[in-house]
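Read the structure below first, then the notes.
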Amino acid sequence: MAASSGCTFNFNVGVLGHVDSGKTSLSKALSTVASTASFDKNPQSKERGITLDLGFSSFCVDLPDHLTDEIGSSDSSQIQYTLVDCPGHASLIKTIIGGAQIIDLMMLVVDVTKGMQTQTAECLVIGEIACQKMVVVLNKLDLLPVAKRDAMVEKMKKKMLKTFEATKFANCPMVAVAAKPGGPEAPDTEALGLTELIDTLKANTYVPQRSSTGPFIFSVDHCFSIRGQGTVMTGTALMGSIALNDTIEIPSMKVTKKVKSIQMFKRPINQISQGDRAGVCVTQFDPKLLERGLVCSPGALPTISAAVVAVERISYYKGAINSKAKFHITTGHDTVMGRVSFFGLYGDTATADGAGESLHSTSNSFDFSREYVYQDELKNVKIMKKDAGAEADVEPLPVKQFALIEYEKPVTCPRNSLVIGSKLDTDIHTNMCRIAFHGHLLEGITDDAEMQTVLPKLKVFKVKVREGQVERCQDEYSVIGKNLFKKETNLQAFVNLKVTLSSGEKGHIEGGFGQSGKVKIRIPEGLQPSTFQRYSGTKKKGKGKQTAEDSSNQNEGDSDQEPIKILLTFKRFIYDPEKKMKQT
């Protein structure tokens, strides 16, 4: 919090909801101070009648009693609520995701006459990812008949609570309001329910974890010039602090500038820190070059072309989430296309390398010492656990899941950025969630050169199984195998790998036999008598010589039996340039 910001503690409230639910009208009704990016100032917004960009405004009230001890009345006499009005139109979900990353509490605005709609559900998903608390605002109360109003509101509240039961927002508070009675074009009339809404917001306000230490990172949502002063970048401090005359970097352009002045809602201040909403003025910079993005302390934000990300599937997403597929990847405030490859940490692979103790830790770094299993798709672990129930023979589930994301264009983002994968090219008129997965960035890869260094350290493997048959026994301790390899296979790479016969014997590959891909397999503990007898070309010990008829009968008997299989199982690490194989 800025020390000279007029004794105000800042709290960011995201205003999200379906298009035409009345978000902007609600922000207008609540706000006393409007920032440069508020209330649909975009010309397209006015023309189309919907919010196209993030809008910011604020209002101040006395500090709630439950925060007095935590903040201290001497440090702050009031609380400033900064309202982040996010667009509700389906095609603008990238902007909503960008806004959600800078809010402390979500205000989900719902048209009380319509209830949950497609984009309402998507906003709820984003809220679950990015926020800890939510207040639901049932707007357009004035459209309900006065005589039935209370009963209809209660019915809608029960319906909404049922929807939220399976989310982190179960039993969240709900307030019915009419932000603009009569609609946007109606003459100004007094809004309904705002006092109760403000009291509810105050009751649910908390002190977010904020720190002025570490590098400064500032999320810019609007950039404009003021004649005679310079270029103002308005936004929210995500991390660290900045003061007058400090140097900041615009990493996407590799440009540094000195801070000339700072304002917080038209009040000059000397410093801002994490959580503050402000305008930062620099000189000799063209505002057209940066409409939205990140600025920071010099060197604090890398630009990356790939990343290792810890990920979770969104349960509401019904489509396939396959490795090698492309998704819209939002990292920080950038949304670009990216190709994903999924892999998981499983209980057996973790304990095998002695790392089982920290399986459930929420580390912000990636452990390159562990082995991970390649996955063809991102699994919905919660649903799979539920479906498995008490069944003993179920598919093993990953303890954690990760993705290697290769971006089509470089992105600039802080370490541990929120990452969201979406299918934004899905038809916006279909009634389905387009947000597929989310997670946080663990390891950024800056360019192709670093990719060649990092990938070989990434121990992601596929389990490979080869199957052949025993052709004959050479002696009681060795067999010749066929159909395990192709003629052109480099057999030297497989020497000494362990194999198992379907009859139970265990052995290892000694080398090739002949030129047709056959191998010689050593069985150290010896073959079972039945196996040796069957494939050695000799008969049982007995009287006399074997007749042609006896030989014929034996071969007929052998042909009725299943051939003894040779099973070779190994791990192949997909990013190992030498393509080495490993067995446990």
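Read-outs: derived from the displayed coordinates by stated rules, not from any lab. In this text, all values refer to a predicted model and were calculated from it rather than measured experimentally. Neighbour counts are summed over all protein chains in view; Cβ atoms, including those assigned to glycine, are modelled from backbone coordinates with ideal geometry.
Computed quantities for the displayed model
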quantity	calculated
Thr82 long-range amide H proximity, modeled H, under 5 Å	Phe11, Asn12, Val13
All-pairs Cα distance distribution in segment 198-289, expressed in whole percent, bin size 10 Å	16, 47, 26, 9, 2
Unsatisfied cross-links (Cα-Cα over 18 Å) in the set Lys498/Lys582; Lys400/Lys423; Lys114/Lys159; Lys318/Lys423; Lys326/Lys423; Lys379/Lys579	Lys400/Lys423; Lys379/Lys579
For Lys518, distant residues with modelled amide H under 5 Å away	Phe513
Amide hydrogen neighbours beyond the local backbone of Cys172, cut-off 5 Å, H modeled	none
Cleavage-rule hits, trypsin sites (Lys or Arg not before Pro), segment 226-323, DSSP coil, Cβ neighbours within 10 Å at most 11	Arg227, Lys254, Lys266, Lys318
Cα principal axis extents for segment 112-232, largest first, Å	57, 41, 29
GluC sites (Glu not before Pro) restricted to DSSP loop in segment 159-258 with at most 10 other C-beta within 10 Å	Glu165, Glu185, Glu190
